[in-house]
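Everything on this sheet refers to the single structure shown next.
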Amino acid sequence: MMILLSQVQKGQVATIKKIEASDTLVQLMEMGFLEGHSVIVDHIAPMGDPMAINVSGYVLSIRKADAATIWVEVSSQ
């Protein structure tokens, strides 16, 4: 089942399935957010924004609004 990256909990591993961002699509892709790549939610700020996401071996901070444009499938653990 696919959910938005913004809904993934800290410590969960997910695989990127689809990116809907039109304004930030190129920037997200340049940062390593590509379909088929695995991501791990490393940290979520106390107010929920930003989120620290481990992608391609790098921990990147992204806004929750941008995370809400990335569809993922959470790995069962």
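The values are calculated or read from the model by the stated rules, or taken from the named source; none is laboratory data. This structure is a prediction, so every number in the text was calculated from the model and none was measured. Here Cβ is always computed from backbone atoms with ideal geometry, including for glycine, and neighbour counts include all displayed protein chains.
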Among the residues of region 47-61, is there at least one that is assigned to a loop (DSSP other than H, G, I, E, B) and modelled with pLDDT of 90 or more?
yes
Taking into account only those residues within region 2-35 that are over 12 Å from V74 (Cα atoms) and assigned to a strand (DSSP E or B), which is modelled with the lowest pLDDT?
I19
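Being polar (S, T, N, Q) and surrounded by fewer than 16 Cβ atoms within 10 Å (Cβ to Cβ) is the filter here; which residues of region 13-56 pass it?
Within region 13-56, the subset polar (S, T, N, Q) is 15, 22, 24, 27, 38, 54, 56.
Residues satisfying the conditions are T15, S22, Q27, S38, S56.
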